[in-house]
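Report on one structure; see the data block that follows.
The values are calculated or read from the model by the stated rules, or taken from the named source; none is laboratory data. Only a predicted model underlies this, so the values are computations on that prediction, with no experimental measurement involved. Using ideal geometry, Cβ is built from the backbone for each residue, glycine included, and neighbour counts are taken over all protein chains shown.
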């Protein structure tokens, strides 16, 4: 596994841990904002990138 891939996975893990602490069930993977429900599009940036927080 390359150094950059490993660093990217660690960053994503840390980001999801921070998002999950604010009580949100979903997050936009584009703008990284937390949302409370599964929208079709992010209410902040408009991207179709809402995913459940693990």
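What to note about this one:
- In the range 31-48, the residues that are closer than 18 Å to residue 13 by Cβ and in contact with a strand residue (DSSP E or B) (Cβ under 7 Å, 6 or more places away or on another chain): 34
- Selection count where residues are more than 9 Å from the chain's Cα centre (by Cα) and at pLDDT 70 or above, scope the range 10-29: 6
- Residues that are part of a loop (DSSP other than H, G, I, E, B) and within 13 Å of residue 24 (Cα to Cα), drawn from the range 39-54: 39, 53, 54
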